[in-house]
Amino acid sequence: MKSSSLLLRRIGNNGASLMSRSRSSSRVATAPARLTNISESSKHVRPSSYFSPSSSFFTASASLHSNADPASKTYKYWNREEYARKGRYDYLIKISPESIVKEAKVIVLADSDDDANSALSESLPFGSKILHTGSTLADFDELRKSVNPSEQPNIIFVSPSCPKARKQLPLLLAAFPSIEWVHVRSAGIDFVVSEALDELVETNPNLKITNAKGQFSSSLAEYAMMACSYFAKDLPRLLKQKQNKNWEKYDVEELRGKTMGIVGYGDIGRAVCKLAHVYGMNIVALRRNPKLSANDEYCNVVYGTDKASLNKLMSESDYIVCSAPSTVETRGMVNADAFAAVKEDAVFINLGRGPVVDEDAMVEALKDGKLKGAALDVFKEEPLPKNNELWELDNVLLSPHNMDQTNTFMHEATEFFVFENLPRFICGKDLLNPVDPKRGY
């Protein structure tokens, strides 16, 4: 209590001079500014999915949340549709500043013009401040020279807008041993994973790494079902007939009763599963630890990630959705053997990461008719080269890795950090979305 009061007094006394939004100056949230602008910032920044603890949403979604991973007593992962206590600690800090345990001092590894990070300057919770933003270690030189304890960062916020984050993150961690937590503003962390990062994590086992998992799942699940319907209803034929003014009826397929196989049953996989279940599909899935889904109410069967299980899923599924992350273990996982085992006329949908799939083997399966078609949002090389054969295949639906790209998706990812995990850190609570950099998820 005494330390919290001292912190409040120190931040309050300095708040006026530190609220500048200049890239080179610190930004700190003060109690008066935060409390008097709650309604304004809610209208401008906070998405409608955030509610105060008095909202009926807390009770209504609790049952959904409890089923996210039935084997977990305390579910540690965020999902914007299912998580039952959104903004709990952000609200607690507003009504009870005494709940602050420690100050959050953040450095931002990002392009300074990244508009999706606007919440970092507009809506920081009380008890936090931005020390500096930069995209290279050199951008933080002045901060490195500081001997003031209040200017020693304990959090790094990493944005995909930083062009060389994989190289710069280990350098920042080595330069600032005071860092306790790294948050990555994306679900995939492959753009920051490196041997240098692994070594630093091994020497500092208390370092926490989190990501924005759960922000992008619903839009990707919608895309997966659209892709299923694209082939089931033969939309290419429909569009061609319209163009030719050809009134010719033809048979279509139902999704009801078909089997969907999900390779990578994480948050995205579960979101796809829920929608497929509503369509009346049967669902089989792969995940590293099948026991975690033993009581899953949507998935019929869950296999392990061994080769035999993957081939079995491929042989049973009419629609295969690949939502696995790109890791050392998963790269090239869906290979020629898997496509050789695939059910005749199956549709392959990749919305996870391109390197998980052997593209050459997939192209052969598409060309020889083993696969009816493929819907691909991710590729081994991006942008997809103009000479890539996939552009020429009529049975392929291509999208430029944008099927989760709503006009607010990255803003919402930043807001998860600002309204959810940052207040948890300030209040000394467990962080959501912990990541193992060695596993890559």
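The values are calculated or read from the model by the stated rules, or taken from the named source; none is laboratory data. The structure presented is a predicted model; accordingly, all values stated were derived computationally and were not measured. Backbone-built Cβ (ideal geometry, glycine too); neighbour counts: all protein chains shown. What goes into the accessible areas is simple: the full protein's heavy atoms, side chains included, and nothing from ligands, DNA or RNA. Shrake-Rupley method; radii C 1.70, N 1.55, O 1.52, S 1.80 Å.
Taking the range 267-301 as the range and being assigned to a helix (DSSP H, G or I), closer than 21 Å to Thr330 by Cβ and open to solvent by 30 Å² or more (accessible area, probe 1.4 Å) as the test, the residues that pass are Ile268, Pro290, Lys291, Leu292.
Every residue, every condition in (1) assigned to a helix (DSSP H, G or I); (2) farther than 26 Å from Glu222 by Cβ; (3) at pLDDT 95 or above, yes or no:
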site: Arg331; (1), (2), (3): no, yes, no
site: Glu344; (1), (2), (3): no, yes, yes
site: Ile349; (1), (2), (3): no, no, yes
site: Gly369; (1), (2), (3): no, yes, yes
site: Gln405; (1), (2), (3): no, no, no
site: Glu412; (1), (2), (3): yes, no, no
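Among the residues of this structure, Leu172 counts as one that is closer than 27 Å to Glu415 by Cβ, part of a helix (DSSP H, G or I) and in contact with a helix residue (DSSP H, G or I) (Cβ under 7 Å, 6 or more places away or on another chain).
For Lys249, state whether it is assigned to a loop (DSSP other than H, G, I, E, B), in contact (Cβ under 8 Å) with a residue 12 or more places away in the chain and either surrounded by fewer than 17 Cβ atoms within 10 Å (Cβ to Cβ) or not acidic (Asp, Glu) (or both). The answer is no for Lys249. Taking the criterion of being of a type in the set (Ser, Thr, Tyr), over 22 Å from Ala212 (Cβ atoms), assigned to a loop (DSSP other than H, G, I, E, B) and open to solvent by less than 60 Å² (accessible area, probe 1.4 Å), would at least one residue in the range 314-322 satisfy it? There is at least one residue in the range 314-322 that is of a type in the set (Ser, Thr, Tyr), over 22 Å from Ala212 (Cβ atoms), assigned to a loop (DSSP other than H, G, I, E, B) and open to solvent by less than 60 Å² (accessible area, probe 1.4 Å). Screening the candidates Gly304, Gly257, Gly264 for the property of being surrounded by 23 or more Cβ atoms within 10 Å (Cβ to Cβ), of a type in the set (Gly, Ala, Ser) and touching a residue at least 12 places away in the same chain (Cβ under 8 Å) yields one hit, Gly264.
Applying the set (1) open to solvent by 40 Å² or more (accessible area, probe 1.4 Å); (2) hydrophobic (A, V, I, L, M, F, W, C); (3) not in a helix (DSSP H, G or I) to Leu238 leaves exactly one unmet item: (3). Of all residues in the range 175-206, those being assigned to a helix (DSSP H, G or I) and either among the aliphatic types (A, V, I, L, M) or open to solvent by 50 Å² or more (accessible area, probe 1.4 Å) (or both) number 9.
Taking the range 118-160 as the range and being of a type in the set (D, E, K, R), closer than 24 Å to Tyr89 by Cα and in a helix (DSSP H, G or I) as the test, only Glu122 passes.
Looking only at residues in the range 361-387 that are open to solvent by 60 Å² or more (accessible area, probe 1.4 Å) and free of Cβ contacts under 8 Å to residues at least 24 places away in the same chain, the one that is farthest from Ala271 (Cα to Cα) is Asn387.
The number of residues in the range 348-360 being more than 19 Å from Leu313 (Cβ to Cβ), among the acidic types (Asp, Glu) and buried (at least 18 other Cβ atoms within 10 Å of the Cβ) comes to 1.
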